[in-house]
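Asker: Have a look at the structure that comes next, please.
The values are calculated or read from the model by the stated rules, or taken from the named source; none is laboratory data. Worth saying up front: this structure is predicted, and the values here are computed from it rather than measured. With ideal geometry, Cβ positions are generated from the backbone for all residues, glycine too; neighbour counts draw on all protein chains shown.
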Amino acid sequence: MEVPGRDEMNGLGLQERDGPAPDKSTGPARPVQLTVRNLVKTFASRQEIVQVIKDVSFTIGQGEFFTLLGPSGCGKSTTLRCIAGLERGDRAHIAVAGRVLADTDTGEFVPASDRDFGMVFQSYAIWPHMTVAQNVAFPLQANQRRQKLSRKEIAERVEEALNLVRLDQYGGRIATKLSGGQQQRLALARALVTRPDLLLLDEPLSNLDAGLRDHMRGELRAMQLRTGVTTLYVTHDQAEAFSMSDVIAVMDSGVLVQQGAPRDIYWRPKTAFVATFVGQTNLLSIMRPPVTAGSGIVSVETGIGSLLVNPASDRPIGPGDSVVIRPEDLQVTIEPPPAGRANVFRGRVRRPTFLGENIELEIEIGGELLMTRQHPRFAFGAGDEVYVELPVDRCVAVSGAAAGVGSHIRGTIGDPATPHKNAAQ
Amino acid sequence: MSADPIADNMRRPLASARLLTWLRDHWISLAAAAVLVWIVIIPLAYLIVFSFRSGTAAAPGDWTLANYALVYTSRMTHAALGNTLIYTMMVATLSMAIAGGLAWLVERTDMPYRGAAWVMILLPIAMPGMLSSMAWILLLGPRTGLINVILRGLLAPFGYDAPSGPINIYSMEGMIFVESVRGSTTLFLMLVAGFRLMDPALEEAASMAGARTGYTLRKVTLPLMLPMLLATWMYSFIGTLDDFETPLLIGLPAQIYLLPTVIYFTAYLSSSWGLAAAYATIFLLISVILVVVYHRVVLRRTSQFATVSGKAFRPRQIELGRMRWPALGLVILYFILAVMLPLLILVLASLLPFYRVPSIEMFGELTLANYQQLFSNTRVLRAAGNSLWVSFWVATGTMILAFLLAWVIVRQRVPGRVILDSIAFIPHAIPAVVVAVAMIMFYLSPAMHWTGLYGGLIVLSLALVTRFIAFASRTSNAAMTQIDASLEEAAYVSGARKVRVLARILFPLLLPTFVAGWIFVAANAFRNLNVSLLLSTPQNELISVTLYDYWERQADFSMAATLGVVLVVGLALLTVLARQLIARGYSGNE
Ligand SMILES: Nc1ncnc2c1ncn2[C@@H]1O[C@H](COP(=O)(O)OP(=O)(O)O)[C@@H](O)[C@H]1O
Ligand SMILES: [Mg+2]
């Protein structure tokens, strides 16, 4: 069967917007709204002292939707709470719109009540003894010392906020009588009613069921674009992060490992951890120090043979590091591809799984298993001999090897997983 | 490192400025802690210090060990220690036996009318100790006791012609009997809880192996329950140690002194304050040691025992067969002894113009005149007003303090909050009489005397707050932990400062607990005698003291009984109200 190569597909007019080249869609640099510098936080329990945040620094531009993404327990919530003023960092410099909120060098610390942020908690934290409207009015009443509002103005602002989340019919209702999705929107209205400098969201969708969660993703992003509020979003769900964010910062064990636009994070991971944490991926261990192959490309030795790859960063790579390629980037053909192409291997189809929208294959090449997804009309069978091309611009050499991140990882077989350097700390 | 030290110093705020900021952030925590230390630690510390000094409370003299030497050599001490030991051990054992039997019947057998039995067993809670002692004196007083009169009539044909007896309530046995019957209710609740925790599979395994019911009970059930039974026994022992009313009403006339009554006697009746302080310090030490052992060792061991499982299903019920009705008879007998007889005799006494040896004729003289008199008696009305004032403020103060303490202990990350929690728990181990003596000495001392607070209702109220703060603090802590921290944090982020968060978020959320605790404290403050008898003065008398006075000093049994009946009815209504509020509070939180 004739399988179209990459060039033909482009010829069909399928424009490749999603290339590995750095994403330019973030537009011109925005003025900085939030600055977090050298955030360190330790928790002391009776038995031990744990450093939960290890020197985290980042900035968020005005109006930006910034997501902290990482596995559960990596310190996302703690970072958020330090910014909110609910926790004090051991070391920290935090400023919003030029106003210093916390600085451990000068001893400055503005309490949470005076920071003028909106925050949505994972549990929503809707006050059960108040009506919907009272919940939303509370921040306005509590802020009277900064912004004096009359009763009428408060009522108008509450109305406006409830309109924004389409809860205007429910103002008089006892808040706990709302459904999960409505409570979530109420929490959002309450966080936005004071028109805060910064909106903080801690896994706000995790308590919703799957369908509602997908729907709320879109709503949340639309709301953020409409109000233009600078938003710091915390989640462990990569789909949420990818679908809403301008910028994603991936966190692991209290360290910010990579920050960038969603496409950068996906196609240009800097570490094996990032690659395996966001989406499925193939990881190939690098055996020997690489050899330069010109124009930024290097040649590395892996379990399937030597590969031409792009180094993810300036950091020198070598044994113990890995090559990353996404399953959908493998080109699988029955016929040999035109001569002169790099990174072409012969392999055998091990397990084709028809999934409807695509077909998932495991292909064995020299004792390694590679995972790929192909268009479902390609009828591969188990045992088929195929040609596999790993396009050079899609192969990224990253630091570190596979760690036990569970279902996200599809890597090499027979390669003892070495713990990721951060996870080992 | 900056090259410019002056600029560095400019950025670093002065230590005093930092202190000010800290104070501004934590003044509520500090105020709550200060009040707690003021009402718990300082009076106790003063009591202990004073026990090593000569002179009077108002003018302490030199340092001395004379008080302890006197305690050590006094015959009264040895008698009191011996009596206290016998009394507490016997009461703990007997009430355990009663409560254990009742709990077993209600929980584990097929006795009929178990629902009604529950009510019958729990009703005595509404009966203050002072009143059940009075009632039993009216029933079993050697000369005029109703039961004795009837028994003498029955025994006369057999040649019994003594003017008193055959039963004498004014004896150690009498005290033990009255207190054991009364003290069973709390133990009953604890034992029922213990029975429910037991894993029925363990018993079933035994009966599967062929053991009969009686054998299983002895060889499996009892050994399994033993740690829990021991813990409950010790709880009862500690509670009885603090018991004041039965030793006062029955023991004192019988000249049977226990530690609390010895302290009362030396402090109040003979005004030997140094000696009383020494007694109180020793009593405090004993009680604290017992409470620490109970919490550190006994409770911890019990919870470790592998016999209990968290299974929710009910253990198999034991079939009583022919014994079903006699079993119910036992419960009814308990009800008669604990509630019916005492209440009936009090009502009867309240309807008589003056109390005397009961006879058939006196039924013709029944009148409501006592009630009329009671409600027009200015002394009674003033005392009732005082009691209401004290109960209201004690309950309010205790619950507010407990609420703030719970917030500091559970939520605030201030250093020393664990210590605060412990201080709030200390009053649990202070016998009531010791609280009273400590308060008297502290407010009589030169340091505090000038305030003129001594003898007033304020000191009395503070002493009662000390008395109830351990209970209130425990329940408030438990309720505060139930409230998700994010509800509070959401309010901070919304711009609210601590006072607003406490008033608008936490207080409304905790209101059901607050109200239930308030009613509990108010009811107990209203009926309290053990603290108020020492701290009350004729100008500032509480109703419980008036009642005692009618009984003891004026020997006006009818008036005392009338007042007692009114109190019981009032307290019972309050208890019912509290139960309903608590029940509603729980469902309201759903
Ligand atoms: N108050 C606390 N005391 C002690 N440890 C804590 C506290 N809060 C969080 N941690 C620990 O800090 C780590 C990071 O927690 P968190 O920031 O909540 O993670 P995430 O939100 O990324 O799941 C976890 O290991 C957690 O157990
Ligand atoms: Mg979290």
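Asker: As an exercise: evaluate residue A:231 against (1) crowded, with 19+ Cβ neighbours inside 10 Å; (2) away from ligand 1 (no atom under 16 Å from the Cβ); (3) at pLDDT below 95 and give the number of the one condition it does not meet.
Answerer: Just one mismatch for residue A:231, condition (3).
Asker: Please state which one of A:115, A:145 is among the basic types (Lys, Arg), facing chain B (nearest Cβ under 9 Å), surrounded by 20 or more Cβ atoms within 10 Å (Cβ to Cβ) and under 22 Å from residue B:506 (Cβ atoms). Quick ask: steps written out before the conclusion?
Answerer: On the way: A:145 fails: surrounded by 20 or more Cβ atoms within 10 Å (Cβ to Cβ).
When all the criteria are applied, what remains is A:115.
Asker: Just give me the residues in the range B:474-496 being surrounded by fewer than 17 Cβ atoms within 10 Å (Cβ to Cβ) and at the interface with another protein chain (Cβ under 10 Å from one of its Cβ atoms), in sequence order.
Answerer: Initially, the range B:474-496 is screened for residues surrounded by fewer than 17 Cβ atoms within 10 Å (Cβ to Cβ), giving B:478, B:481-482, B:484-485.
Within the range B:474-496, B:484, B:485 qualify.
Asker: Within the range A:66-78, take every residue that is near ligand 1 (Cβ under 6 Å from one of its atoms) and polar (S, T, N, Q) and give me the one that is surrounded by the most Cβ atoms within 10 Å (Cβ to Cβ).
Answerer: Across the range A:66-78, the extreme among qualifying residues is A:78.
Asker: If you go through the range B:69-79 one residue at a time, do you hit one that is outside any helix (DSSP H, G or I), more than 23 Å from the chain's Cα centre (by Cα) and at pLDDT below 80? Before the answer, list the steps.
Answerer: Just the residues of the range B:69-79 that are outside any helix (DSSP H, G or I), to begin with: B:74.
Next, only the ones that are more than 23 Å from the chain's Cα centre (by Cα) stay: B:74.
Now restrict to residues that are at pLDDT below 80: none.
The answer is no, given that none of the residues of the range B:69-79 is outside any helix (DSSP H, G or I), more than 23 Å from the chain's Cα centre (by Cα) and at pLDDT below 80.
Asker: Residue under question is residue A:56, and the condition is that it be within 23 Å of residue A:241 (Cα to Cα), away from ligand 2 (no atom under 16 Å from the Cβ) and either crowded, with 22+ Cβ neighbours inside 10 Å or outside the structural domain of residue A:203 (by TED's automatic domain parsing) (or both); does it hold?
Answerer: In short, no.
Asker: Within the range A:119-128, count every residue that is at the interface with chain B (Cβ under 7 Å from one of its Cβ atoms) and under 16 Å from residue B:496 (Cα atoms).
Answerer: Counting residues in the range A:119-128 that are at the interface with chain B (Cβ under 7 Å from one of its Cβ atoms) and under 16 Å from residue B:496 (Cα atoms) gives 3.
Asker: Within the range A:182-206, how many residues turn out to be more than 22 Å from residue A:95 (Cβ to Cβ), of a type in the set (D, E, K, R) and either more than 16 Å from ligand 1 (Cβ to nearest atom) or crowded, with 23+ Cβ neighbours inside 10 Å (or both)?
Answerer: 2
Asker: Just to be sure I understand, how many residues within the range A:79-101 are more than 11 Å from chain B (Cβ to nearest Cβ) and buried (at least 23 other Cβ atoms within 10 Å of the Cβ)?
Answerer: Final tally of qualifying residues: 6.
Asker: Out of all the residues in the range A:345-359, which are modelled with pLDDT under 90 and either among the basic types (Lys, Arg) or not in a loop (DSSP other than H, G, I, E, B) (or both)?
Answerer: Of all residues in the range A:345-359, those modelled with pLDDT under 90 come to A:350-359.
If the condition is that a residue be modelled with pLDDT under 90 and either among the basic types (Lys, Arg) or not in a loop (DSSP other than H, G, I, E, B) (or both), then A:350, A:351, A:353, A:354, A:359 are the ones that fit.
Asker: Do we find that residue B:248 is of a type outside the set (Asp, Glu) and either at pLDDT 85 or above or closer than 19 Å to residue B:76 by Cα (or both) in this structure? Step through it out loud before you land on a result.
Answerer: Values: of a type outside the set (Asp, Glu): yes; either at pLDDT 85 or above or closer than 19 Å to residue B:76 by Cα (or both): yes.
When the stated conditions are applied, residue B:248 passes them.
Asker: Further, regarding this structure: Could you tell me whether residue A:166 is more than 11 Å from chain B (Cβ to nearest Cβ) and not in a loop (DSSP other than H, G, I, E, B)?
Answerer: On the way: more than 11 Å from chain B (Cβ to nearest Cβ): yes; not in a loop (DSSP other than H, G, I, E, B): no.
Taking the combined requirement at face value, the residue does not satisfy it.
Asker: Have a look at B:48, B:42, B:6, B:98 and point out the one that is more than 14 Å from every other protein chain (Cβ to nearest Cβ), part of a helix (DSSP H, G or I) and at pLDDT below 80. Explain how you work it out, then say what you get.
Answerer: Values: B:48 fails: at pLDDT below 80; B:42 fails: at pLDDT below 80; B:98 fails: at pLDDT below 80.
Checking each option against the conditions leaves just B:6.
Asker: Is it the case, given these coordinates, that residue A:143 is assigned by TED's automatic domain parsing to the domain that holds residue A:237 and more than 16 Å from ligand 1 (Cβ to nearest atom)?
Answerer: Working: assigned by TED's automatic domain parsing to the domain that holds residue A:237: yes; more than 16 Å from ligand 1 (Cβ to nearest atom): yes.
Here the answer is yes, as residue A:143 does meet what is asked.
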